[in-house]
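Please read the structure below before turning to the comments.
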Amino acid sequence: MDRVESLLSQMTLEEKVGQMTQVAVDLIMEGEPYNMKLPLKIQPDKLEKVVKKYKVGSILNTPSGVYVGRKQWHEIMQAIQNTAAENRLKIPVLYGIDAIHGANYCEGATLFPQPVAMAASWNLDLAKRIAEITAYEAKSASFHWNFSPAMDIGRNPLWPRMWESFGEDVFLNEKMGLVTVEGYQGNNPAAKDKMAACLKHFTGYGLPQSGKDRTPAYIPERQLREYFLPAYEANFDAGAMTVMVCSGEINGVPVHASKRILTDILRKEMGFEGMVVSDWEDVKYLYTRHLVAHDYKEAVKISVEAGIDMCMTAMDLEFADHLLELVKEGAISEKRIDESVRRILRLKEQLGLFEKSVFEPNDYPDFGSEKFAAVSLQAAKESLVLLKNEKNTLPLSKNTKVLVCGPTANNLRSLNGGWTFTWQGERADQIEKKENTILAAIQKTIGAANVQYEKGTDFFKEENIDAAVKAAAQAEAIVVCLGETSYTEQMGSFNDLDLPDAQVKLVEALSKTGKTLIVVLAEGRPQVIRRIEPQSSAILGAFLPGMKGGDAIASVLFGDFNPCGKLPFTYPAYSNNLTTYDHKYTEEVLTNELYGPYWDPQYEFGFGKSYTDFEYSNLKISGKEFSKTDKIEIAVDVKNTGKMAGKEVVHLFVRDLVASVTPPVKRLRGFEKIELKPGETKTVKFQISPADLAFVGIDNQWVVEPGTFRVMIEKLSAEFDIE
């Protein structure tokens, strides 16, 4: 009998229920939950209660409001595991953390661009390397489990968690997810530099009808299967070990209460054998928010029967009490409990926690190193998207006299977003002193004597626009930095996607000076800029590029780096026209005589300019007709016709010309990022199969129908038939 089955056969019901319970670390610390103070101290009585009395299987998070170094993490972890070792069966505690852009809860760790920025880089190798570094640095603090990556495709840009996703496209999310999971877990998740990945939030989270966090989604079965499940399934097949459940509801059913989604689809259809964890307090919310349970106890019953293995309670132990009562009363079978506990123990076994659960910080000499910082800087540079460059305004000469202004110019919050040191990232500027804001990076690049600074306006409130206008008289160019401050989850829900009026007024006032106006957008989602776009000579998109974002932005503005990012989402021109790139033909061909075309974005998905020019030619397909088992090879030549070396993302789009379910105008089916010297040509090759062109049909089953398909790469196109 293996260790998991041996342990399971020996466990009491109380021990089993404890394994299914996950609490926040606040519950073992001195002080009040949500309001920890330094110096941190473990409260022995609380630790005994959580780990010995309740035999809790997992602890998560950082002590609320506090930023902790590796030495203290080591002390906390050692105390937890030493206490667990005093229990009868000596089952180690699994520790989980949100390390979504680096080990952000560990003092001195390297922070990287947020996921949507990495999607804008379209660089899979960089994304994998960032995940590897994150796992290395997180493991040095004895974190075993990372609540990342998010496989929530962001289909509504109002959604405040848009930046935690890899954008609006299924294929891009899937590929970014695969390399991220590989980076975290590797071939051996028990290795000293690896950790378990957790795909979140299964499923449908990224399309709330209102755009606000944790509000209802209405997703037809066909769309659920074609758009929201594939990235998860591909990553499950690749070995993702755990999954977190969506906090919202789909078609009136909270996902935490949906046996159909968590058991019938996830387990039976998709074959997922790993562990399922709830999100923060979401089991209780079935009672307090969703109103599908009469009380907490009924909520526990509903969620466990639906398929939850572990409940992130996270600030109470009542889940364990209620679950114990439910089993003793016969409302839930012990056999059902055994299913979940077996998965939890198997995860701990696969992570090697029975052999080693606490790791020595000194065994990780590259933690916070310059070589890791260099990766962060490169990723930040490649994530920046040049959206406009009228008359080659950029790059600016380093001798240019520049006025810098705007609410995002002189803070790190707008470059990093949430999950940065703290949940909301609100202390980024107080904690991080060595990294450069956009302003500081520009001063460093061209000299402080060449730079003036006037904030001009806050995010929503005008401060002193007149002072900025006055200062512009001494400048040759103005870099106005707009966008958002840091937020996550419900704190980022808002009612208007338009850029706030205070920021619009700043641009309008500065544009009247006649000076060259460059806009930098530091934001986690695409705010509507239609009113200011005509007044700018250049626009640079910076979608939470991380701690090195200021340096990266300066390097692009002044020509030290040739921008190569491309949009991972459609940038809307209107708040009420939020159509994604893979829309239907009727949404593109129809128009309104008074207001214009239905399909009218500010910038299309995949758009991004460079300081050099690329020419596409010789699009070729390996045949005209293919069977459903053939491989289809597609090639195109790309030439750098400019005077500067540059990187280009080559996108392969395919359109099904006629189908039994109305086809989208195009779908991304491949991409590759290449680098070309001036005058250099490369042939980029893609290989797809007819199965890659499948869609979910009228019967809600995947199907490949015979017919004609159009391949589109840049402005080139060609067609082939599937028999």
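The values are calculated or read from the model by the stated rules, or taken from the named source; none is laboratory data. It should be emphasised that the depicted structure is a prediction, and the values quoted were computed from it without experimental measurement. With ideal geometry, Cβ positions are generated from the backbone for all residues, glycine too; neighbour counts draw on all protein chains shown. Only protein heavy atoms, including side chains, enter the accessible area calculation; ligands, DNA and RNA are left aside. Shrake-Rupley method; radii C 1.70, N 1.55, O 1.52, S 1.80 Å.
What about residue 662, is it open to solvent by 30 Å² or more (accessible area, probe 1.4 Å), modelled with pLDDT under 95 and either under 29 Å from residue 227 (Cβ atoms) or under 24 Å from the mean Cα position of the chain (by Cα) (or both)? Taking the combined requirement at face value, the residue does not satisfy it. Listed conditions (1) open to solvent by 10 Å² or more (accessible area, probe 1.4 Å); (2) of a type outside the set (Lys, Arg); (3) farther than 20 Å from residue 121 by Cα are all met by residue 559, apart from (3). Within segment 18-51, the set of residues being assigned to a loop (DSSP other than H, G, I, E, B), of a type outside the set (A, V, I, L, M) and modelled with pLDDT of 95 or more comprises 43 only.
Among the residues of segment 416-425, is any among the polar types (S, T, N, Q), surrounded by fewer than 18 Cβ atoms within 10 Å (Cβ to Cβ) and in a helix (DSSP H, G or I)? For segment 416-425, residues among the polar types (S, T, N, Q), surrounded by fewer than 18 Cβ atoms within 10 Å (Cβ to Cβ) and in a helix (DSSP H, G or I): absent. Of all residues in segment 362-383, one or more are assigned to a helix (DSSP H, G or I), hydroxyl-bearing (Ser, Thr, Tyr) and within 27 Å of residue 142 (Cα to Cα).
Could you say whether any residue in segment 144-151 is open to solvent by 10 Å² or more (accessible area, probe 1.4 Å) and of a type in the set (Ser, Thr, Tyr)? Checked segment 144-151: no residue is open to solvent by 10 Å² or more (accessible area, probe 1.4 Å) and of a type in the set (Ser, Thr, Tyr).
A search for C-beta distances below 9 Å between a residue of segment 570-583 that is in contact (Cβ under 8 Å) with a residue 24 or more places away in the chain and any residue that is surrounded by fewer than 18 Cβ atoms within 10 Å (Cβ to Cβ) and part of a strand (DSSP E or B), counting only pairs 6+ apart in sequence or on different chains, returns 574/498; 575/498. Contact map, segment 230-249: residues that are within 21 Å of residue 186 (Cα to Cα) paired with residues that are among the polar types (S, T, N, Q), Cβ distance under 6 Å, separation 6+ or inter-chain. Pairs shown: 231/173. Closer than 24 Å to residue 471 by Cβ, at pLDDT 95 or above and more than 21 Å from the chain's Cα centre (by Cα) - does that describe any residue in segment 576-583? Among the residues of segment 576-583, not one is closer than 24 Å to residue 471 by Cβ, at pLDDT 95 or above and more than 21 Å from the chain's Cα centre (by Cα), which makes the answer no. Only a single item in (1) surrounded by 15 or more Cβ atoms within 10 Å (Cβ to Cβ); (2) without any contact (Cβ under 8 Å) to a residue 40 or more places away in the chain is not met by residue 86, and it is number (1).
On the stretch given as segment 81-117, residues that are aliphatic (A, V, I, L, M), touching a Pro at 6+ places or on another chain (Cβ under 9 Å) and within 22 Å of residue 197 (Cβ to Cβ) total 3. Filtering segment 359-376 to residues that are open to solvent by 70 Å² or more (accessible area, probe 1.4 Å) and either in contact (Cβ under 8 Å) with a residue 40 or more places away in the chain or over 29 Å from the mean Cα position of the chain (by Cα) (or both) leaves 360, 362, 363. So, residue 165, is that one on the phi < 0 side of the Ramachandran plot, of a type in the set (Ser, Thr, Tyr) and touching a helix residue (DSSP H, G or I) at 6+ places or on another chain (Cβ under 7 Å) or not? Taking the combined requirement at face value, the residue satisfies it.
Only one residue in 143, 166, 147 is more than 14 Å from the chain's Cα centre (by Cα) and at pLDDT 95 or above, so which one is that? Of the residues listed, the single one that is more than 14 Å from the chain's Cα centre (by Cα) and at pLDDT 95 or above is 143.
Residue count for segment 328-387, restricted to those that are among the hydroxyl-bearing types (Ser, Thr, Tyr) and touching a strand residue (DSSP E or B) at 6+ places or on another chain (Cβ under 6 Å): 0.
Only a single criterion out of (1) surrounded by fewer than 22 Cβ atoms within 10 Å (Cβ to Cβ); (2) touching a helix residue (DSSP H, G or I) at 6+ places or on another chain (Cβ under 9 Å); (3) acidic (Asp, Glu) is not satisfied by residue 382, namely (1).
Considering segment 638-659, and only residues there that are in contact (Cβ under 8 Å) with a residue 40 or more places away in the chain and not in a strand (DSSP E or B), the residue that is most open to solvent (accessible area, probe 1.4 Å) turns out to be 658. Scanning segment 472-506 for residues that are surrounded by 18 or more Cβ atoms within 10 Å (Cβ to Cβ) and over 30 Å from the mean Cα position of the chain (by Cα) yields 472, 475, 477, 478, 506. If the condition is being open to solvent by 20 Å² or more (accessible area, probe 1.4 Å), over 20 Å from residue 50 (Cα atoms) and either in contact with an Asp or Glu (Cβ under 6 Å, 6 or more places away or on another chain) or not in a loop (DSSP other than H, G, I, E, B) (or both), then segment 274-326 contributes 285, 287, 288, 298, 301, 302, 305. In a strand (DSSP E or B) and open to solvent by less than 10 Å² (accessible area, probe 1.4 Å): is that true of residue 403 in this structure? So residue 403 passes the test. Inspect segment 126-138 for any residue being in contact with a Lys or Arg (Cβ under 8 Å, 6 or more places away or on another chain), in contact (Cβ under 8 Å) with a residue 40 or more places away in the chain and either of a type in the set (A, V, I, L, M, F, W, C) or open to solvent by less than 20 Å² (accessible area, probe 1.4 Å) (or both) and give the result as yes or no. Scanning segment 126-138, I find at least one residue that is in contact with a Lys or Arg (Cβ under 8 Å, 6 or more places away or on another chain), in contact (Cβ under 8 Å) with a residue 40 or more places away in the chain and either of a type in the set (A, V, I, L, M, F, W, C) or open to solvent by less than 20 Å² (accessible area, probe 1.4 Å) (or both), so the answer is yes. Checked against (1) assigned to a strand (DSSP E or B); (2) surrounded by fewer than 19 Cβ atoms within 10 Å (Cβ to Cβ); (3) within 29 Å of the chain's Cα centre (by Cα), residue 710 passes all but condition (3). Looking across segment 610-632, just one residue is surrounded by 17 or more Cβ atoms within 10 Å (Cβ to Cβ), in a loop (DSSP other than H, G, I, E, B) and of a type in the set (Val, Ile, Thr), and that is 612.
Listed here are the residues, each with its yes/no results for (1) touching a residue at least 40 places away in the same chain (Cβ under 8 Å); (2) over 22 Å from residue 312 (Cβ atoms); (3) among the charged types (D, E, K, R); (4) buried (at least 21 other Cβ atoms within 10 Å of the Cβ).
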residue: 18; (1), (2), (3), (4): yes, no, no, yes
residue: 33; (1), (2), (3), (4): yes, no, no, no
residue: 45; (1), (2), (3), (4): no, yes, yes, no
residue: 62; (1), (2), (3), (4): yes, no, no, yes
residue: 78; (1), (2), (3), (4): yes, yes, no, no
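Note on segment 345-358: residues that are open to solvent by 10 Å² or more (accessible area, probe 1.4 Å) and at negative phi total 8. Considering segment 170-214, and only residues there that are touching a Pro at 6+ places or on another chain (Cβ under 7 Å) and charged (D, E, K, R), the residue that is farthest from residue 580 (Cα to Cα) turns out to be 213.
Candidates are the residues of segment 435-469 that are polar (S, T, N, Q) and assigned to a loop (DSSP other than H, G, I, E, B); the one that is farthest from residue 520 (Cα to Cα) is 464.
Identify all residues within segment 685-707 that are of a type in the set (S, T, N, Q) and either in contact with a Ser or Thr (Cβ under 8 Å, 6 or more places away or on another chain) or assigned to a loop (DSSP other than H, G, I, E, B) (or both); write none if there are none. Once the filter is applied, which keeps residues that are of a type in the set (S, T, N, Q) and either in contact with a Ser or Thr (Cβ under 8 Å, 6 or more places away or on another chain) or assigned to a loop (DSSP other than H, G, I, E, B) (or both), segment 685-707 yields 689, 700, 701.
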